[in-house]
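Single-structure report; data block below.
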Amino acid sequence: QDRDKLILAAAAGVVAGFLASRLSSSSSSRVAVASTIKASVGAAARSGVGQQLPTVARRVHGSCLYLDYNATTPIFPEVTDAMLPFTGDHFGNPSSGHAFGRPCKEAVVLARQQLAALLQCHPDEIIFTSCGSESDNHAIRGAVEIARTRLPRGLVPHVITSNIEHPAVEECLRAMQDRGEIDVTPLQADSEGCVSASQVQFAITDATVLVTIMHSNNEIGSLQPIGEIADICAKKKILLHTDAAQSVGKVPVRIPEMGADLVTIVGHKFGAPKGIACLFVKRGIRLPNFLFGGGQEQGRRAGTENVLLIAGIGKAAEVVAGELDSLAEHMWSMRSRLLERLRTAFGSRVSVNGPQDRSRLLPNTLSVSIEGVKAGELLAALGDKVAASAGAACHSGGATVSAVLRAIQLPSNLAVGTLRLSVGRHTTGDEIDQCADAIIDEAKRQLGQR
(Lines give C-alpha, C1' and ligand atoms only; values in the text may rest on other atoms or scores of the structure.)
Protein backbone atom coordinates (compact mmCIF):
# COMPACT_ATOMS: atom_id res chain seq x y z
CA GLN A 1 0.00 0.00 0.00
CA ASP A 2 2.85 2.35 0.77
CA ARG A 3 4.26 1.75 -2.69
CA ASP A 4 0.94 2.54 -4.34
CA LYS A 5 0.96 5.92 -2.59
CA LEU A 6 4.63 6.59 -3.32
CA ILE A 7 5.28 9.28 -5.91
CA LEU A 8 8.81 10.43 -5.41
CA ALA A 9 10.09 13.81 -6.52
CA ALA A 10 12.67 14.08 -9.27
CA ALA A 11 16.22 13.50 -8.15
CA ALA A 12 17.08 17.19 -8.16
CA GLY A 13 14.17 18.03 -5.90
CA VAL A 14 15.04 15.31 -3.42
CA VAL A 15 18.66 16.40 -3.23
CA ALA A 16 17.71 20.04 -2.91
CA GLY A 17 15.27 19.38 -0.12
CA PHE A 18 17.76 17.32 1.83
CA LEU A 19 20.62 19.77 1.52
CA ALA A 20 18.40 22.72 2.29
CA SER A 21 17.13 21.12 5.48
CA ARG A 22 20.71 20.56 6.62
CA LEU A 23 21.94 24.05 5.81
CA SER A 24 19.18 26.25 7.17
CA SER A 25 15.69 26.20 8.57
CA SER A 26 14.73 29.43 6.82
CA SER A 27 12.49 29.22 3.80
CA SER A 28 14.69 31.65 1.84
CA SER A 29 17.75 29.41 2.28
CA ARG A 30 15.81 26.32 1.24
CA VAL A 31 14.62 28.05 -1.93
CA ALA A 32 18.13 29.23 -2.74
CA VAL A 33 19.66 25.78 -2.33
CA ALA A 34 16.86 24.12 -4.31
CA SER A 35 17.40 26.55 -7.17
CA THR A 36 21.15 25.94 -7.16
CA ILE A 37 20.78 22.16 -7.27
CA LYS A 38 18.11 22.21 -9.96
CA ALA A 39 20.25 24.55 -12.05
CA SER A 40 23.23 22.23 -11.72
CA VAL A 41 21.17 19.25 -12.83
CA GLY A 42 19.88 21.20 -15.81
CA ALA A 43 23.41 22.26 -16.72
CA ALA A 44 24.59 18.66 -16.55
CA ALA A 45 21.82 17.60 -18.90
CA ARG A 46 22.78 20.33 -21.36
CA SER A 47 26.53 20.00 -21.17
CA GLY A 48 27.30 16.38 -20.28
CA VAL A 49 25.62 14.38 -23.03
CA GLY A 50 27.71 14.06 -26.16
CA GLN A 51 30.64 16.03 -24.76
CA GLN A 52 34.18 14.71 -24.78
CA LEU A 53 35.51 13.93 -21.33
CA PRO A 54 37.50 16.86 -19.92
CA THR A 55 39.92 14.51 -18.20
CA VAL A 56 43.49 13.36 -18.47
CA ALA A 57 42.32 10.13 -20.15
CA ARG A 58 43.21 11.39 -23.60
CA ARG A 59 46.68 12.39 -22.52
CA VAL A 60 47.19 9.01 -20.84
CA HIS A 61 45.73 6.82 -23.58
CA GLY A 62 46.69 8.92 -26.54
CA SER A 63 44.45 8.58 -29.59
CA CYS A 64 42.74 5.35 -28.49
CA LEU A 65 38.96 5.83 -28.67
CA TYR A 66 36.55 4.19 -26.25
CA LEU A 67 33.67 1.96 -27.44
CA ASP A 68 33.45 -0.33 -24.41
CA TYR A 69 30.93 1.41 -22.15
CA ASN A 70 29.28 -1.90 -21.27
CA ALA A 71 32.54 -3.04 -19.69
CA THR A 72 32.78 0.13 -17.60
CA THR A 73 32.07 3.82 -17.97
CA PRO A 74 34.43 6.69 -17.26
CA ILE A 75 33.65 8.44 -13.99
CA PHE A 76 31.45 11.41 -14.84
CA PRO A 77 33.09 14.77 -14.05
CA GLU A 78 30.16 15.72 -11.79
CA VAL A 79 30.71 12.51 -9.84
CA THR A 80 34.40 13.27 -9.35
CA ASP A 81 33.47 16.71 -8.00
CA ALA A 82 30.96 15.20 -5.58
CA MET A 83 33.54 12.76 -4.21
CA LEU A 84 36.40 15.22 -3.73
CA PRO A 85 35.36 16.50 -0.26
CA PHE A 86 35.60 12.93 1.04
CA THR A 87 39.21 12.57 -0.05
CA GLY A 88 40.31 15.23 2.43
CA ASP A 89 38.17 17.35 4.73
CA HIS A 90 35.41 14.83 5.37
CA PHE A 91 37.24 11.71 6.51
CA GLY A 92 35.15 10.82 9.57
CA ASN A 93 33.39 7.55 10.31
CA PRO A 94 29.69 7.95 9.41
CA SER A 95 28.77 6.05 12.57
CA SER A 96 30.40 8.74 14.73
CA GLY A 97 28.15 11.42 16.17
CA HIS A 98 30.77 14.19 16.29
CA ALA A 99 31.55 16.95 13.82
CA PHE A 100 33.83 14.77 11.70
CA GLY A 101 31.32 11.96 11.37
CA ARG A 102 28.14 13.94 10.70
CA PRO A 103 28.98 15.15 7.15
CA CYS A 104 29.87 11.59 6.19
CA LYS A 105 26.62 10.23 7.59
CA GLU A 106 24.71 12.92 5.73
CA ALA A 107 26.47 11.95 2.49
CA VAL A 108 25.38 8.32 2.90
CA VAL A 109 21.79 9.39 3.61
CA LEU A 110 21.82 11.70 0.61
CA ALA A 111 23.15 9.04 -1.75
CA ARG A 112 20.46 6.63 -0.62
CA GLN A 113 17.84 9.29 -1.40
CA GLN A 114 19.37 9.98 -4.80
CA LEU A 115 19.20 6.31 -5.74
CA ALA A 116 15.69 5.99 -4.38
CA ALA A 117 14.60 8.95 -6.51
CA LEU A 118 16.09 7.34 -9.62
CA LEU A 119 14.51 3.94 -8.94
CA GLN A 120 11.25 5.32 -7.49
CA CYS A 121 11.49 3.33 -4.29
CA HIS A 122 11.89 3.97 -0.57
CA PRO A 123 15.39 4.98 0.60
CA ASP A 124 15.38 2.22 3.22
CA GLU A 125 15.04 -0.33 0.40
CA ILE A 126 18.56 0.51 -0.85
CA ILE A 127 21.43 -1.58 0.57
CA PHE A 128 24.93 -0.49 -0.45
CA THR A 129 27.32 -3.25 -1.53
CA SER A 130 30.79 -3.45 -3.05
CA CYS A 131 29.88 -4.73 -6.51
CA GLY A 132 27.23 -6.37 -8.67
CA SER A 133 28.55 -9.83 -7.89
CA GLU A 134 28.02 -9.25 -4.18
CA SER A 135 24.50 -7.95 -4.78
CA ASP A 136 23.63 -10.93 -6.97
CA ASN A 137 25.05 -13.44 -4.50
CA HIS A 138 23.30 -11.78 -1.57
CA ALA A 139 19.96 -11.75 -3.40
CA ILE A 140 20.12 -15.34 -4.61
CA ARG A 141 21.51 -16.97 -1.49
CA GLY A 142 19.31 -14.90 0.78
CA ALA A 143 16.12 -15.56 -1.17
CA VAL A 144 16.74 -19.31 -1.16
CA GLU A 145 17.53 -19.30 2.56
CA ILE A 146 14.34 -17.54 3.64
CA ALA A 147 12.21 -19.70 1.32
CA ARG A 148 13.76 -22.96 2.44
CA THR A 149 12.00 -22.82 5.79
CA ARG A 150 8.60 -22.58 4.10
CA LEU A 151 9.03 -25.58 1.80
CA PRO A 152 7.59 -28.98 2.78
CA ARG A 153 10.25 -31.34 4.08
CA GLY A 154 11.99 -33.24 1.30
CA LEU A 155 11.55 -30.57 -1.38
CA VAL A 156 14.75 -29.00 -2.74
CA PRO A 157 14.36 -25.26 -3.48
CA HIS A 158 13.95 -24.66 -7.20
CA VAL A 159 15.32 -21.59 -9.02
CA ILE A 160 14.44 -20.45 -12.55
CA THR A 161 16.98 -18.45 -14.54
CA SER A 162 18.05 -17.94 -18.17
CA ASN A 163 20.99 -19.26 -20.13
CA ILE A 164 22.38 -15.77 -20.86
CA GLU A 165 22.99 -14.56 -17.30
CA HIS A 166 26.10 -12.77 -16.07
CA PRO A 167 28.64 -15.14 -14.45
CA ALA A 168 27.85 -13.57 -11.06
CA VAL A 169 24.41 -15.20 -11.26
CA GLU A 170 25.35 -18.27 -13.26
CA GLU A 171 28.29 -19.30 -11.07
CA CYS A 172 26.44 -18.64 -7.83
CA LEU A 173 23.62 -20.92 -8.95
CA ARG A 174 26.05 -23.56 -10.18
CA ALA A 175 27.90 -23.63 -6.87
CA MET A 176 24.68 -23.97 -4.90
CA GLN A 177 23.42 -26.70 -7.21
CA ASP A 178 26.70 -28.61 -6.99
CA ARG A 179 26.30 -28.63 -3.21
CA GLY A 180 22.77 -29.96 -3.49
CA GLU A 181 21.25 -26.77 -2.09
CA ILE A 182 19.00 -26.03 -5.09
CA ASP A 183 17.69 -27.32 -8.39
CA VAL A 184 18.05 -24.94 -11.33
CA THR A 185 16.08 -24.57 -14.56
CA PRO A 186 17.87 -22.36 -17.13
CA LEU A 187 15.42 -21.05 -19.73
CA GLN A 188 16.59 -21.06 -23.35
CA ALA A 189 16.79 -17.57 -24.80
CA ASP A 190 15.57 -17.16 -28.36
CA SER A 191 17.73 -16.09 -31.31
CA GLU A 192 17.45 -12.45 -30.21
CA GLY A 193 18.55 -13.21 -26.66
CA CYS A 194 15.13 -12.94 -25.01
CA VAL A 195 13.11 -15.21 -22.76
CA SER A 196 9.33 -14.98 -22.35
CA ALA A 197 7.00 -14.79 -19.40
CA SER A 198 5.26 -17.94 -20.69
CA GLN A 199 8.53 -19.85 -20.39
CA VAL A 200 8.73 -18.82 -16.74
CA GLN A 201 5.12 -19.82 -16.17
CA PHE A 202 5.72 -23.26 -17.68
CA ALA A 203 8.88 -23.86 -15.63
CA ILE A 204 7.33 -23.15 -12.21
CA THR A 205 6.97 -26.13 -9.88
CA ASP A 206 5.70 -26.57 -6.32
CA ALA A 207 9.31 -26.13 -5.15
CA THR A 208 10.06 -22.90 -7.06
CA VAL A 209 11.24 -20.21 -4.64
CA LEU A 210 13.08 -17.74 -6.87
CA VAL A 211 13.22 -16.46 -10.42
CA THR A 212 16.44 -14.61 -11.30
CA ILE A 213 16.60 -13.17 -14.82
CA MET A 214 18.69 -10.21 -15.93
CA HIS A 215 16.98 -6.98 -16.92
CA SER A 216 19.27 -6.45 -19.90
CA ASN A 217 22.09 -8.41 -21.45
CA ASN A 218 25.57 -6.92 -21.35
CA GLU A 219 26.69 -8.43 -24.64
CA ILE A 220 23.82 -8.14 -27.12
CA GLY A 221 21.65 -5.61 -25.30
CA SER A 222 18.42 -7.61 -25.13
CA LEU A 223 15.82 -6.41 -22.62
CA GLN A 224 13.77 -9.01 -20.78
CA PRO A 225 10.02 -8.72 -19.97
CA ILE A 226 10.60 -8.31 -16.24
CA GLY A 227 7.25 -6.64 -15.61
CA GLU A 228 5.34 -9.58 -17.13
CA ILE A 229 7.48 -12.08 -15.24
CA ALA A 230 6.88 -10.13 -12.02
CA ASP A 231 3.11 -10.48 -12.44
CA ILE A 232 3.44 -14.25 -12.66
CA CYS A 233 5.79 -14.43 -9.68
CA ALA A 234 3.54 -12.25 -7.54
CA LYS A 235 0.52 -14.49 -8.17
CA LYS A 236 2.57 -17.55 -7.23
CA LYS A 237 4.24 -15.82 -4.24
CA ILE A 238 7.68 -16.47 -5.76
CA LEU A 239 10.51 -13.96 -5.25
CA LEU A 240 11.89 -12.25 -8.35
CA HIS A 241 15.46 -10.95 -8.64
CA THR A 242 16.78 -9.10 -11.66
CA ASP A 243 20.30 -7.91 -12.39
CA ALA A 244 19.84 -4.43 -13.86
CA ALA A 245 23.54 -3.59 -13.95
CA GLN A 246 23.55 -2.69 -17.65
CA SER A 247 20.22 -0.89 -17.68
CA VAL A 248 20.62 2.11 -15.39
CA GLY A 249 21.47 5.24 -17.36
CA LYS A 250 20.32 3.68 -20.63
CA VAL A 251 16.66 2.79 -20.11
CA PRO A 252 14.20 3.56 -17.30
CA VAL A 253 14.65 1.31 -14.26
CA ARG A 254 11.61 2.03 -12.11
CA ILE A 255 10.73 -0.35 -9.34
CA PRO A 256 6.94 0.15 -9.46
CA GLU A 257 6.92 -0.68 -13.19
CA MET A 258 9.29 -3.64 -12.88
CA GLY A 259 7.63 -5.24 -9.89
CA ALA A 260 10.79 -7.10 -8.89
CA ASP A 261 11.51 -7.93 -5.25
CA LEU A 262 15.30 -7.72 -5.53
CA VAL A 263 17.26 -5.60 -8.03
CA THR A 264 21.03 -5.33 -8.56
CA ILE A 265 22.43 -1.90 -9.48
CA VAL A 266 26.13 -1.33 -10.30
CA GLY A 267 27.79 2.07 -10.07
CA HIS A 268 30.59 1.77 -12.60
CA LYS A 269 28.09 1.04 -15.37
CA PHE A 270 26.61 4.56 -15.13
CA GLY A 271 29.39 6.98 -14.29
CA ALA A 272 30.29 6.08 -10.70
CA PRO A 273 33.56 4.47 -9.56
CA LYS A 274 34.20 0.76 -9.42
CA GLY A 275 33.75 -0.87 -6.04
CA ILE A 276 30.27 0.45 -5.26
CA ALA A 277 26.86 -1.03 -6.06
CA CYS A 278 23.55 -1.56 -4.32
CA LEU A 279 20.79 -4.08 -3.90
CA PHE A 280 17.16 -3.02 -3.84
CA VAL A 281 15.30 -5.15 -1.30
CA LYS A 282 11.54 -4.66 -1.26
CA ARG A 283 10.02 -3.70 2.05
CA GLY A 284 8.83 -6.75 3.95
CA ILE A 285 11.59 -9.04 2.64
CA ARG A 286 14.14 -9.77 5.32
CA LEU A 287 17.19 -11.37 3.73
CA PRO A 288 19.65 -13.09 6.08
CA ASN A 289 22.67 -10.96 6.92
CA PHE A 290 25.37 -11.28 4.28
CA LEU A 291 28.17 -9.94 6.48
CA PHE A 292 28.13 -10.08 10.28
CA GLY A 293 29.54 -7.39 12.52
CA GLY A 294 28.30 -3.85 13.11
CA GLY A 295 24.84 -2.52 12.39
CA GLN A 296 25.54 -0.80 9.08
CA GLU A 297 23.00 -1.00 6.26
CA GLN A 298 20.15 -1.71 8.69
CA GLY A 299 22.18 -4.56 10.12
CA ARG A 300 22.16 -6.44 6.81
CA ARG A 301 25.74 -5.78 5.71
CA ALA A 302 28.37 -5.08 8.32
CA GLY A 303 31.38 -2.88 7.61
CA THR A 304 32.16 0.82 7.76
CA GLU A 305 30.55 2.54 4.79
CA ASN A 306 32.81 3.62 1.93
CA VAL A 307 31.60 7.22 1.98
CA LEU A 308 33.74 8.32 -0.96
CA LEU A 309 32.26 5.75 -3.33
CA ILE A 310 28.75 6.01 -1.91
CA ALA A 311 28.78 9.75 -2.60
CA GLY A 312 29.87 8.89 -6.13
CA ILE A 313 27.06 6.45 -6.91
CA GLY A 314 24.54 8.85 -5.44
CA LYS A 315 25.69 11.69 -7.66
CA ALA A 316 25.77 9.40 -10.71
CA ALA A 317 22.16 8.43 -9.99
CA GLU A 318 21.20 12.09 -9.84
CA VAL A 319 22.97 12.83 -13.14
CA VAL A 320 21.40 10.00 -15.13
CA ALA A 321 17.96 10.72 -13.63
CA GLY A 322 18.15 14.24 -15.01
CA GLU A 323 19.54 13.23 -18.39
CA LEU A 324 17.84 9.92 -19.17
CA ASP A 325 15.72 10.95 -22.16
CA SER A 326 18.43 12.97 -23.89
CA LEU A 327 21.07 10.40 -22.97
CA ALA A 328 19.12 7.51 -24.51
CA GLU A 329 18.55 9.46 -27.73
CA HIS A 330 22.20 10.42 -27.92
CA MET A 331 23.37 6.84 -27.48
CA TRP A 332 20.89 5.54 -30.07
CA SER A 333 22.08 8.18 -32.52
CA MET A 334 25.73 7.22 -32.02
CA ARG A 335 24.94 3.49 -32.32
CA SER A 336 22.93 4.07 -35.51
CA ARG A 337 25.69 6.18 -37.02
CA LEU A 338 28.25 3.45 -36.39
CA LEU A 339 26.03 0.69 -37.77
CA GLU A 340 25.28 2.67 -40.91
CA ARG A 341 28.99 3.16 -41.58
CA LEU A 342 29.65 -0.58 -41.25
CA ARG A 343 26.70 -1.53 -43.45
CA THR A 344 27.76 0.94 -46.11
CA ALA A 345 31.25 -0.57 -46.13
CA PHE A 346 30.37 -4.28 -46.01
CA GLY A 347 26.75 -4.65 -47.06
CA SER A 348 25.31 -8.12 -46.52
CA ARG A 349 28.43 -9.28 -44.66
CA VAL A 350 27.15 -7.29 -41.66
CA SER A 351 24.53 -8.80 -39.36
CA VAL A 352 23.26 -7.43 -36.05
CA ASN A 353 22.79 -9.70 -33.05
CA GLY A 354 20.04 -9.15 -30.50
CA PRO A 355 16.54 -7.69 -30.82
CA GLN A 356 15.72 -5.80 -33.99
CA ASP A 357 12.92 -3.90 -32.21
CA ARG A 358 14.39 -0.80 -30.54
CA SER A 359 11.94 -1.07 -27.62
CA ARG A 360 13.52 -4.41 -26.62
CA LEU A 361 17.14 -3.25 -26.91
CA LEU A 362 19.61 -1.15 -24.94
CA PRO A 363 20.11 2.03 -26.99
CA ASN A 364 23.89 2.03 -26.62
CA THR A 365 24.75 -1.58 -27.52
CA LEU A 366 25.74 -2.82 -30.97
CA SER A 367 26.64 -6.49 -31.29
CA VAL A 368 27.61 -6.81 -34.92
CA SER A 369 29.10 -9.68 -36.92
CA ILE A 370 31.20 -9.13 -40.04
CA GLU A 371 31.35 -12.36 -42.01
CA GLY A 372 34.86 -13.38 -42.98
CA VAL A 373 36.52 -11.24 -40.30
CA LYS A 374 38.18 -12.45 -37.11
CA ALA A 375 37.09 -9.93 -34.50
CA GLY A 376 39.75 -10.88 -31.98
CA GLU A 377 42.54 -10.28 -34.45
CA LEU A 378 40.90 -7.07 -35.61
CA LEU A 379 40.75 -5.63 -32.10
CA ALA A 380 44.29 -6.75 -31.35
CA ALA A 381 45.45 -4.84 -34.42
CA LEU A 382 43.44 -1.80 -33.32
CA GLY A 383 44.50 -1.99 -29.68
CA ASP A 384 45.94 1.53 -29.67
CA LYS A 385 43.14 3.00 -31.77
CA VAL A 386 39.80 1.52 -30.66
CA ALA A 387 38.87 -0.01 -27.31
CA ALA A 388 36.05 -2.54 -27.75
CA SER A 389 35.20 -6.20 -27.09
CA ALA A 390 34.98 -9.30 -29.26
CA GLY A 391 32.39 -12.07 -29.13
CA ALA A 392 35.02 -14.80 -29.30
CA ALA A 393 38.49 -15.21 -27.83
CA CYS A 394 40.97 -16.48 -30.37
CA HIS A 395 43.77 -18.88 -29.48
CA SER A 396 46.04 -21.36 -31.22
CA GLY A 397 43.40 -24.09 -31.24
CA GLY A 398 40.71 -21.91 -32.78
CA ALA A 399 38.24 -19.59 -31.07
CA THR A 400 36.20 -19.78 -27.88
CA VAL A 401 32.78 -18.27 -28.52
CA SER A 402 31.10 -16.35 -25.69
CA ALA A 403 28.40 -18.10 -23.69
CA VAL A 404 25.79 -15.59 -24.85
CA LEU A 405 26.51 -16.10 -28.54
CA ARG A 406 26.40 -19.87 -28.00
CA ALA A 407 23.10 -19.48 -26.16
CA ILE A 408 21.46 -17.69 -29.09
CA GLN A 409 22.99 -20.32 -31.41
CA LEU A 410 24.88 -17.86 -33.57
CA PRO A 411 26.75 -19.77 -36.31
CA SER A 412 30.45 -20.06 -35.53
CA ASN A 413 31.52 -18.27 -38.71
CA LEU A 414 29.59 -15.21 -37.51
CA ALA A 415 30.50 -15.56 -33.85
CA VAL A 416 34.23 -15.26 -34.56
CA GLY A 417 33.54 -12.05 -36.45
CA THR A 418 31.41 -10.46 -33.73
CA LEU A 419 32.25 -7.11 -32.17
CA ARG A 420 30.54 -5.67 -29.10
CA LEU A 421 30.59 -1.92 -29.60
CA SER A 422 28.99 0.10 -26.81
CA VAL A 423 28.70 3.87 -26.71
CA GLY A 424 27.94 6.22 -23.85
CA ARG A 425 27.35 9.66 -22.45
CA HIS A 426 30.63 11.13 -23.66
CA THR A 427 30.83 9.47 -27.10
CA THR A 428 30.93 12.04 -29.90
CA GLY A 429 30.07 11.85 -33.58
CA ASP A 430 33.69 12.53 -34.53
CA GLU A 431 34.79 9.60 -32.38
CA ILE A 432 32.25 7.33 -34.06
CA ASP A 433 33.57 8.29 -37.49
CA GLN A 434 37.17 7.71 -36.44
CA CYS A 435 36.33 4.34 -34.93
CA ALA A 436 34.37 3.32 -38.00
CA ASP A 437 37.29 4.29 -40.25
CA ALA A 438 39.71 2.21 -38.19
CA ILE A 439 37.45 -0.85 -38.01
CA ILE A 440 36.62 -0.71 -41.71
CA ASP A 441 40.26 -0.35 -42.75
CA GLU A 442 41.38 -3.33 -40.65
CA ALA A 443 38.42 -5.50 -41.68
CA LYS A 444 39.10 -4.75 -45.34
CA ARG A 445 42.72 -5.71 -44.82
CA GLN A 446 41.62 -9.08 -43.44
CA LEU A 447 39.20 -9.55 -46.32
CA GLY A 448 41.88 -8.64 -48.86
CA GLN A 449 39.89 -5.66 -50.09
CA ARG A 450 42.72 -3.15 -49.97
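The values are calculated or read from the model by the stated rules, or taken from the named source; none is laboratory data. Values in this document were obtained by computation on a predicted structure and should not be read as measured data. Here the Cβ is made from the backbone with ideal geometry for all residues, glycine too, and neighbour counts use every protein chain on show. SASA here: full protein model, heavy atoms, side chains in, ligands and nucleic acids out. Shrake-Rupley method; radii C 1.70, N 1.55, O 1.52, S 1.80 Å.
Remarks
- Strands (runs of 3 or more DSSP E) wholly inside the stretch 353-450 containing at least 3 residues that are in contact with a helix residue (DSSP H, G or I) (Cβ under 7 Å, 6 or more places away or on another chain): 365-370, 392-395, 418-422
- Per-region count, the stretch 72-105, residues open to solvent by 50 Å² or more (accessible area, probe 1.4 Å) and either small (Gly, Ala, Ser) or assigned to a helix (DSSP H, G or I) (or both): 10
- Test: residue in the stretch 324-343 that is open to solvent by less than 60 Å² (accessible area, probe 1.4 Å) and part of a strand (DSSP E or B): no
- Every pair of residues 6+ apart whose Cβ atoms lie under 6 Å, when the first sits in the stretch 346-357 and is within 16 Å of Gln409 (Cα to Cα) while the second is open to solvent by 20 Å² or more (accessible area, probe 1.4 Å): Gly354/Glu192; Pro355/Glu192
- Qualifying positions in the stretch 109-124 - part of a helix (DSSP H, G or I) and surrounded by fewer than 21 Cβ atoms within 10 Å (Cβ to Cβ): Val109, Pro123, Asp124
- Residues that are open to solvent by 20 Å² or more (accessible area, probe 1.4 Å) and of a type in the set (A, V, I, L, M, F, W, C) within the stretch 215-266 comprise Leu223, Ile232, Ala234, Leu239, Val251, listed in sequence order.
- Tabulated pairs, the stretch 148-161, first open to solvent by 90 Å² or more (accessible area, probe 1.4 Å), second outside any loop (DSSP other than H, G, I, E, B), C-beta under 7 angstrom, 6+ apart or interchain: none
- Residue selected from the stretch 344-377 under the condition of a type in the set (Lys, Arg) and surrounded by 15 or more Cβ atoms within 10 Å (Cβ to Cβ), by the criterion nearest to Asn70 (Cα to Cα): Arg360
- Reported count of residues in the stretch 80-95, each being within 10 Å of Gly312 (Cα to Cα) and in contact with an Asp or Glu (Cβ under 9 Å, 6 or more places away or on another chain), is 1.
- Selected residue (only one of Leu405, Leu382 is of a type outside the set (Gly, Ala, Ser) and buried (at least 24 other Cβ atoms within 10 Å of the Cβ)): Leu405
- Within the stretch 176-235, tally of residues that are without any contact (Cβ under 8 Å) to a residue 12 or more places away in the chain and of a type in the set (Asp, Glu): 1
- The single condition among (1) without any contact (Cβ under 8 Å) to a residue 60 or more places away in the chain; (2) buried (at least 24 other Cβ atoms within 10 Å of the Cβ); (3) of a type in the set (A, V, I, L, M) that Ala317 does not meet is (1).
- Checked against (1) closer than 30 Å to Val319 by Cβ; (2) open to solvent by 10 Å² or more (accessible area, probe 1.4 Å), Ala139 meets all criteria but (2).
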